[in-house]
Amino acid sequence: MTGAPGPVAIPAGELAGRVGDLAALLDRRHASGLVLLPVLPEAAPLTADLLARLTVPVAVEGIRVTAFGDGGGRARLERAGAVPVLGRDVVIVSTIVDTGLRLRVAARALLAERPASVAVLALLDRPDRRIADIPLEYVGFTVPDCRFAGYGLGREPELTTLRDLHYRDLASAERARRGHLEIA
């Protein structure tokens, strides 16, 4: 392992409970079914846990949003298009939202395919970093401007597989003590 994570920010049990709440909300609002488009690779654990709890019909297709600066300075949505979205409710699944720029690109590209609706589900919302005005329909936790590891997040593979969400380092944990962590 190239680096040990910092202290636990949100224990696995609390994450599981909040993901269950989000799945129940999706079930209520999308009784006829929905399309989940997880932003890969980081949203894979969150999506797997949502799928285990959802009771409505669900289609899933992973997406990627190229980073700004790649390919001439513009971000773009990458998806195979194997799951049709025309006339369907679509939920983009992201583990963390900070600037919102990549999700805005994804949402705009999807709207061109004429879904019934496009919403964003974020486990973690970091509003202090928001640049783009992107509405978040489903939010697990509002977090301060800190770095996290675990539950799909982190640069090292060993950290992404942690079931607890950790602060990435002690400096992030200290910033969090000055900020706040709350259930949205």
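Rundown of residues vs (1) modelled with pLDDT under 95; (2) in a loop (DSSP other than H, G, I, E, B); (3) over 26 Å from Phe141 (Cβ atoms); (4) within 17 Å of the chain's Cα centre (by Cα), yes/no style:
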{"residue": "Arg18", "(1), (2), (3), (4)": "no, no, no, yes"}
{"residue": "Arg28", "(1), (2), (3), (4)": "no, no, no, no"}
{"residue": "Ser32", "(1), (2), (3), (4)": "no, yes, yes, no"}
{"residue": "Val85", "(1), (2), (3), (4)": "no, yes, yes, no"}
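A search for C-beta distances below 9 Å between a residue of the stretch 22-33 that is within 18 Å of Asp125 (Cβ to Cβ) and any residue that is loosely packed, with under 13 Cβ neighbours inside 10 Å, counting only pairs 6+ apart in sequence or on different chains, returns Ala23/Ala52; Ala23/Thr55.
Every residue, every condition in (1) free of Cβ contacts under 8 Å to residues at least 60 places away in the same chain; (2) surrounded by 15 or more Cβ atoms within 10 Å (Cβ to Cβ); (3) out of contact with any Gly (no Cβ under 9 Å at 6 or more places or on another chain); (4) among the β-branched types (Val, Ile, Thr), yes or no:
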{"residue": "Ser94", "(1), (2), (3), (4)": "yes, yes, yes, no"}
{"residue": "Arg102", "(1), (2), (3), (4)": "no, yes, yes, no"}
{"residue": "Ala107", "(1), (2), (3), (4)": "yes, yes, yes, no"}
{"residue": "Leu110", "(1), (2), (3), (4)": "no, yes, yes, no"}
{"residue": "Glu113", "(1), (2), (3), (4)": "yes, yes, no, no"}
{"residue": "Leu121", "(1), (2), (3), (4)": "no, yes, no, no"}
{"residue": "Asp125", "(1), (2), (3), (4)": "yes, yes, no, no"}
{"residue": "Asp128", "(1), (2), (3), (4)": "yes, no, no, no"}
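Taking the criterion of being under 17 Å from Arg29 (Cα atoms) and assigned to a strand (DSSP E or B), the residues of the stretch 45-60 that qualify are Val58, Ala59. If only residues of the stretch 130-154 that are touching a residue at least 60 places away in the same chain (Cβ under 8 Å) and over 12 Å from the mean Cα position of the chain (by Cα) are counted, the one that is nearest to Arg29 (Cα to Cα) is Val143. All of Asp164, Asp133 fail the test of being of a type in the set (D, E, K, R), on the phi < 0 side of the Ramachandran plot, surrounded by fewer than 21 Cβ atoms within 10 Å (Cβ to Cβ) and in contact with a Lys or Arg (Cβ under 9 Å, 6 or more places away or on another chain), apart from Asp133.
The values are calculated or read from the model by the stated rules, or taken from the named source; none is laboratory data. Bear in mind the structure is a predicted one, so any value in this text is a computation, not a measurement. A quick note on method: Cβ atoms are made from the backbone with ideal geometry, for glycine too, and the neighbour counts reach across all protein chains shown.
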